[in-house]
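Structure first, commentary second.
The values are calculated or read from the model by the stated rules, or taken from the named source; none is laboratory data. Since we're looking at a predicted model, the values are computed, not measured. Neighbour counts are summed over all protein chains in view; Cβ atoms, including those assigned to glycine, are modelled from backbone coordinates with ideal geometry.
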Amino acid sequence: MSRIVALIDGEHYPPVVRFALDQLAQEHEVVAAAFLGGTEKVDLEAGFATYGVPVVAASTAEESVANALATYSPDAVVDLSDEPIVSSADRFRLAGIVLARGVEYRGADFSFAPPRARYTPVTPTLGLIGTGKRVGKTAVSGYVARHLKSRGRDIAVLAMGRGGPAEPELIHGESVRLTTPDLLELAHQGKHASSDNYEDAVMSRVTTVGCRRCGGGMAGETFFSNVPEGARLADTLGKELIVLEGSGAAIPPVHADANILVVGAGRGVVYVDGYFGPYRLSLADLVIVASAEEPVATQPQIDEIRSEIARQRPGVPLAVTTFRPCPIEPVAGKRVFFATTAPQDVLPKLVAYLESEHGCEVVASSAHLSNRARLREDMRSVAGTYDVLVTELKAAAIDVVAAAGDEAGVPTVLCDNVPVSLDGADLDDMVTRVAELAIERGTARGE
């Protein structure tokens, strides 16, 4: 029988709760109840003996649940509480606490299970997860890979994407240099040539294993993926560390010895203190707040995110960053068309940076790299005015931008997004330390 902790409140008449607990006990071992609050129908001075099981009570519902988990180590938590004691937002917070302990959280019409690690590599692993899509995970992954490689670490990146290959795809990026024509050929073969594993291989020149996934749960579980098979392949390579790159808000279904969490500043504090933000934050050994500048996020919004992270995870390493474009080939003196997935309001800042730092003239730009119809329209409207196409390796970069350039005889230069610290944090040192932590934990697993 599974061990159950029930969540109860004082807005239900105690004999009714006792009835529900007895019903649960017919199929489970009810080891305790956590009292979440409420006084309307319960006499707190009389105690909790009427419930027939040990009752854990504390000053807050969150503390009651955490204490019950620590004391009784249940297999699942069953929520018998209700409004007005717990709202939907409260339940997300409680579920985050429960899932962080690897425990299932169930209620009358919902069930949340912690994302499962379907494979545990022998090789140490460093997870890279995010609060959602377009927060900069792949850019951070590329930076992490380049930095660790420059420090002499022998690593591989396992990238999980919505456009990944049918079978895990190994690319020896350190010895095979993928060019734009190579990626165009992959696109002609029907592959998503802008998938994250190609971006990692091109931008960081490290070994990558590309995988696919479909469907993502609220807590980060994937519905279908070939990531465990990809992890088994990566585990045979004899690397010092495997970097597990998530997809959107989905978490790779592979054991991670340490995690970097990328928080998109433009999403607001709700993705940190609401939904399953607290759960993801509980997994983090390093937090990177990305795109943390105007006009994506105001300074008060950024300060609020930082404060909430510090409240939930005091002392967790934290860096506030933004991204700047960096073409991987020289574009000085060229007339450039620039394509990006960045928001329209950010374009002037990115264009100014390209012109000042890379010596080109950006004659036109498009923020519609993830909208093929509008991207084609943007390109057609300025055809013949540019010497080179500069694009991030995402979305329609190859099948639209590079394909149009190939047809028009205009070269395409791929563009990296480099994280830049905004708060004085030493991002290089932080990444070095979290990688060392992952290797230390992973090595201890094998001893």
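Structure above, values below:
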quantity	calculated
Those residues of the stretch 174-196 which are within 28 Å of residue 434 (Cβ to Cβ), among the small types (Gly, Ala, Ser) and surrounded by fewer than 23 Cβ atoms within 10 Å (Cβ to Cβ), in sequence order	175
Given (1) surrounded by 16 or more Cβ atoms within 10 Å (Cβ to Cβ); (2) within 27 Å of the chain's Cα centre (by Cα); (3) among the acidic types (Asp, Glu), number of the condition residue 378 does not satisfy	(2)
Pick from the stretch 285-316, criterion among the small types (Gly, Ala, Ser) and surrounded by fewer than 19 Cβ atoms within 10 Å (Cβ to Cβ), ranking: farthest from residue 243 (Cα to Cα)	307
Count - residues of the stretch 118-152 that are surrounded by 18 or more Cβ atoms within 10 Å (Cβ to Cβ) and within 12 Å of residue 239 (Cα to Cα)	4
Unique match (being in the same structural domain as residue 213 (by TED's automatic domain parsing), closer than 26 Å to residue 389 by Cα and assigned to a loop (DSSP other than H, G, I, E, B)) among 146, 153, 177	177
Close pairs (7 angstrom Cβ cut-off, 6 or more residues apart or separate chains): touching a residue at least 12 places away in the same chain (Cβ under 8 Å) and surrounded by 15 or more Cβ atoms within 10 Å (Cβ to Cβ) in the stretch 213-225, aromatic (Phe, Trp, Tyr) and not in a strand (DSSP E or B) anywhere	219/276; 219/279
Answer from 72, 51 - the residue that is surrounded by 14 or more Cβ atoms within 10 Å (Cβ to Cβ), aromatic (Phe, Trp, Tyr) and modelled with pLDDT of 95 or more	72
So residue 418, is it surrounded by 15 or more Cβ atoms within 10 Å (Cβ to Cβ), in a helix (DSSP H, G or I) and in contact with a Lys or Arg (Cβ under 7 Å, 6 or more places away or on another chain)	no
Residue list for the stretch 330-348, restricted to those being within 23 Å of residue 138 (Cα to Cα) and surrounded by fewer than 16 Cβ atoms within 10 Å (Cβ to Cβ)	330, 343, 344, 345, 348
The stretch 75-106, subset of a type in the set (Gly, Ala, Ser) and in contact (Cβ under 8 Å) with a residue 12 or more places away in the chain, residue surrounded by the fewest Cβ atoms within 10 Å (Cβ to Cβ)	89
Those strands (runs of 3 or more DSSP E) lying entirely in the stretch 10-102 with at least 1 residues under 29 Å from the mean Cα position of the chain (by Cα)	76-79
Strands (runs of 3 or more DSSP E) wholly inside the stretch 213-310 containing at least 1 residues that are among the aliphatic types (A, V, I, L, M), in the same structural domain as residue 147 (by TED's automatic domain parsing) and touching a Gly at 6+ places or on another chain (Cβ under 7 Å)	241-245, 258-264, 286-290
Any hit, the stretch 354-364, residues being at pLDDT 95 or above, within 30 Å of residue 212 (Cα to Cα) and assigned to a strand (DSSP E or B)	no
Test set (1) in contact with a Gly (Cβ under 8 Å, 6 or more places away or on another chain); (2) closer than 30 Å to residue 400 by Cα; (3) of a type outside the set (Asp, Glu); (4) crowded, with 17+ Cβ neighbours inside 10 Å - residue 327 fails condition number	(1)
Failed criterion for residue 164 (all others in (1) surrounded by fewer than 24 Cβ atoms within 10 Å (Cβ to Cβ); (2) over 17 Å from residue 240 (Cα atoms); (3) touching a Lys or Arg at 6+ places or on another chain (Cβ under 8 Å); (4) assigned by TED's automatic domain parsing to the domain that holds residue 218 hold)	(1)
